[in-house]
Amino acid sequence: MKRLNKSILALITAALLTASLASCAGSGDSGSTSTTSTTKATTATTTAATTVEKTSAISESDIKTSKTIKNNNDGEHAITADGESKSYKNTKVVKTGDSSQNDEADFYGDNSAIFATNKATLDISDMVIKTDGTHANAVFSYGEGTTVNVSNSYIETSGNCSGGLMTTGGGTMNAENLTIKTSGRSSAAIRSDRGGGTVNVDGGSYTTSGTGSPVVYSTADITVSNAEMKSTASQGVVVEGKNSVTLNNVNLNADNNTKNSDKSDWYQAVMIYQSMSGDAAEGLSSFTMNGGTLTNQNGDVFFVNNTATKITLKNAAITNKDSDGYFLRAAAAGWGNEGSNGGQVSLYASNQTINGDMLVDDVSNLNLYLSKKSTFKGAINSDGQAGEVYVELDSNSKWVLTGDSYITSLTCDADSIDLNGHKLYVNGKEYKAGTSSKGEAIEVVSTGSSNGGDAPDGGMPPAKPNK
């Protein structure tokens with residue numbers, strides 16, 4: 001089998017490599033890049049019963065404000081809660097100005113419009129929050145014991161490295177019924193960075209249009225429920241390192257079509273990786289989708305690189321509109337050390353239909369578990385054996401092959417596999433239709449490989465002590 005292309009492709013223009021942007025912290029700089037995949041796969045379409053009931057997004061004109069707070073000074077805030085409890089309502093906040101201290105802004109809240117720290121509790125509702133500056137995050141929660149509660153508000157950022165909601169250092173962010181729009185580079189609508197924290201989002205509409213700006217960039221534990229999410233240039237979701245994203249009854253539409261770095265050859269809707277920049281701890285990550293819909297416009301649905309992850313899909317409707325894309329690609333890319341920087345995936349599908357091929361390269365592995373009337377229609381490593389793959393089906397689940405497939409171990413009942421005119425090879429031996437099998441799962445080692453802390457944009461400053 002031909003090995004995947006691991007060469008570094010120089011596709012970023014000089015404008016994208018300026019010092020200020022290169023210093024932008026890991027959020028959103030995940031780098032779905034380079035050439036579009038040339039391998040062929042079945043269009044992935046997953047049907048499910050549960051979808052999000054659409055509601056009208058809050059517009060700026062829907063918010064009735066009684067006062068305006070402005071700040072246009074570099075590095076300053078319009079609203080600050082420092083070790084205290086504060087609340088604001090029916091207020092318009094306008095922040096301009098830049099931060100020249102990129103790590104201070106991305107890790108510790110410098111230049112954000114609204115900033116809470118030092119175990120503060122900040123309650124804000126019925127707000128209009130707009131920023132126009134570099135490193136001008138809208139709402140920032142920093143530090144353990146700090147909690148920001150934001151609801152019924154309209155948030156818009158237009159500068160680079162300017163997220164909608166930003167959480168670092170172990171802070172907590174609780175959000176309900178928001179409209180967030182970001183247009184700058186590396187400006188996720190729901191964003192976290194070094195030190196992570198906990199983010200809970202319920203309801204609302206979240207849209208990004210900038211390069212390297214997924215709707216959600218997680219170096220924290222982030223849960224989004226009952227929301228509409230759309231990215232028009234970047235991944236829908238990125239999880240870095242030992243962190244998680246859970247989507248409950250969410251509609252996500254991802255169109256990753258713009259280059260952001262030279263680290264990877266593929267586009268994707270959901271990227272799970274470890275950059276080794278120091279922004280995210282090493283260990284087992286997770287992505288969970290309960291109900292809802294995921295529509296991928298370009299490339300692969302899932303891409304896993306240089307880390308181990310658990311993907312759980314329950315009754316989610318997943319559609320890949322790119323017929324050349326994979327449902328899952330676990331493969332080496334530009335992060336980590338060559339030869340040990342693949343993806344290690346345990347994918348659990350429950351009451352789930354999966355349509356689309358899977359590719360596991362020779363430094364990656366996959367444990368695929370199909371249960372509770374799940375169906376997988378696709379091929380695995382149709383070009384021949386590469387990485388180790390274990391497939392397990394319960395008595396109510398089915399695998400319908402759409403091409404020859406090569407795996408290393410299989411657990412199934414006699415009627416679990418529909419060869420559909422194709423061949424299945426298990427550890428090099430052809431599987432015989434109508435036979436049961438008993439195999440063993442692959443051990444997962446939950447760390448990525450280091451290549452000296454290479455960050456998505458080519459380098460990160462060292463970690464600073466907490467304030």
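Bear in mind these aren't lab numbers, they're just calculated from the coordinates by the rules spelled out. Since we're looking at a predicted model, the values are computed, not measured. FYI the Cβ positions are ideal-geometry reconstructions off the backbone, even for glycines, and counts take in every protein chain you see.
In region 346-397, how does Rg compare with the Kirkwood Rh, expressed as the Rg/Rh ratio over alpha carbon atoms? A ratio of 0.98.
Only counting other Cβ atoms within 10 Å, I'd like 77, 135, 422 sorted with the fewest neighbours first.
Listed from fewest to most nearby Cβ atoms, that is 422, 77, 135.
Under the shape rule built on the C-alpha gyration tensor, where the axes satisfy a ≥ b ≥ c, region 60-167 is oblate, since a/c reaches at least 1.5 while a/b does not exceed b/c. Calculate, in whole percent, how much of the Cα-Cα pair population of region 92-239 lies beyond 21 Å. Tail of P(r) above 21 Å: 30 percent of Cα pairs. Partners of residue 398 within straight-line reach, counting aspartates and glutamates whose Cα lies under 18 Å from its Cα and excluding those fewer than 8 residues away in the same chain: 357, 413, 415, 418. Calculated from the alpha-carbon coordinates, region 173-300 shows an Rg and a Dmax of 13.2, 36 Å respectively.
Quick check: net charge around residue 295, other residues with Cβ under 12 Å of its Cβ, Lys/Arg +1 and Asp/Glu -1? Could you put the intermediate results ahead of the total?
On the way: positive: 230, 321; negative: 228, 255, 322.
My count for the surroundings of residue 295 gives -1.
Working note: Karplus 6.51/-1.76/1.60 with θ = phi - 60° gives region 420-432 the couplings 6, x, 10, 10, 10, 10, 10, 6, x, 10, 5, 6, 9 Hz, where Gly and Pro are set to x.
When ranked by the protection proxy of mean other Cβ atoms within 10 Å per residue, highest first, what sequence do the peptides 347-356, 237-246 form?
On the way: 347-356: 22.4, 237-246: 26.3.
So the peptides 347-356, 237-246, ranked by packing, come out 237-246, 347-356.
Please work out whether region 203-266 counts as rounded, prolate or oblate from its C-alpha gyration tensor, where a ≥ b ≥ c are the square roots of the eigenvalues and a/c under 1.5 means rounded, while otherwise a/b larger than b/c means prolate and anything else oblate? In terms of gyration-tensor shape, oblate. Based on the reciprocal of the average 1/r between different C-alpha atoms, the Kirkwood radius for region 79-123 equals 11.5 Å.
Listed highest first by mean packing, meaning other Cβ atoms within 10 Å per residue, what order do 394-401, 264-271, 203-210, 432-439 come in?
Details: 394-401: 17.5, 264-271: 28.0, 203-210: 24.4, 432-439: 12.6.
Per-residue mean Cβ counts within 10 Å order the peptides as 264-271, 203-210, 394-401, 432-439.
For region 215-311, lysine pairs separated by 8 or more sequence positions, or belonging to different chains, with Cα-Cα distances below 23 Å total 4.
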